[in-house]
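Quick one: this structure, given as structure tokens, is what I'll be asking you about.
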Amino acid sequence: MIKWPFSILAGLANLRNLRFLLVGLVIVGATVSSTTTTASTHLQKNTHMDTPIIDFDALKKANWSDQEVQNATVIVDFVQHLMNNHDFDYILEKYGDNPYVQHNRNIPDGIAGLVDFVGKFAKRYPEYAYDVKHILVDGEYVTFHSHATVKQAHRGDEQMGLNIKDTWRVVNGQVVEHWDAIQPINGSMRFFVWLSGGLGI
């Protein structure tokens with residue numbers, strides 16, 4: 001009978017740890033196979049000239065109140081700098097003191113926790129970006145429907161990446177709450193989301 005070291009048995013007994021290990025292997029494999037050079041720090045700004053820009057004028061609705069336009073403007077600025085520009089210093093400086101409550105179980109409360117999470121992901125995938133398709137506003141609540149991709153070559157390809165619905169609550173110009181729902185599209189993204197227990201931003 002083979003006697004396994006206790007440390008190995010304990011690790012294998014914890015399925016969640018095993019799933020996180022597999023996620024790490026998937027990410028590392030994808031990163032090695034990519035020809036893109038990653039940033040040296042997850043707080044590095046995205047300097048790609050072709051960074052997607054949210055076309056707010058095309059997405060805003062004529063029936064929004066002035067306050068709803070202001071709330072949507074806050075989130076457009078927030079998402080553009082966080083998800084597309086990867087300008088994390090800007091996010092921390094402008095929104096760092098917002099009482100941000102995160103309803104995604106994988107991300108801690110607070111803007112600093114969000115920046116840490118997205119920053120690490122962007123370090124692995126420096127071409128990660130949001131293509132915002134629709135914006136809906138209901139008072140304090142601003143919802144984005146976006147197509148997120150991890151590679152520039154996948155932008156606009158509806159068979160790749162993730163469909164994401166994000167809802168933020170904006171109070172007095174501050175981003176105070178966030179909910180999301182994520183639909184992975186291609187096989188590798190489905191596998192990644194399953195392993196991570198539900199990726200969220």
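In the range 64-130, with Lys and Arg counted as +1 and Asp and Glu as -1 at Cβ, which of these residues, Val115, Thr73, Tyr125, has the Cα nearest the positive end of the dipole, that is, farthest along it?
Of the candidates, Tyr125 comes out farthest on the positive side.
Whole number please: convex hull volume per residue, Cα atoms of the range 77-138, in Å³.
Hull volume over Cα atoms, normalised by residue count, gives 105 Å³.
Can you tell me the FRET efficiency between Gln159 and Lys60 if r is taken as the Cβ-Cβ distance and R0 is 35 Å, rounded to the nearest 0.05?
E between Gln159 and Lys60, to the nearest 0.05, is 0.75.
Work out how much length Arg105 to Glu93 would gain on full extension: take 0.36 nm times their residue separation and subtract the Cα-Cα distance, in nm to one decimal.
Between Arg105 and Glu93, full extension yields 1.9 nm more.
Using the Karplus equation 6.51 cos²θ - 1.76 cosθ + 1.60 (θ = phi - 60°), what ³J(HN,Hα) coupling, rounded to whole Hz, does each residue of the range 91-99 give in order, writing x for Gly and Pro?
Going residue by residue, I get 4, 5, 5, 8, 10, x, 8, 5, x Hz, with x marking Gly and Pro.
Any read-out appearing in this document is the output of simple, stated calculations on the displayed coordinates, not a laboratory observation. Keep in mind that what you see is a predicted model, and the values were worked out from it rather than measured. All Cβ positions, glycine included, derive from the backbone under ideal geometry; neighbour counts span all protein chains shown.
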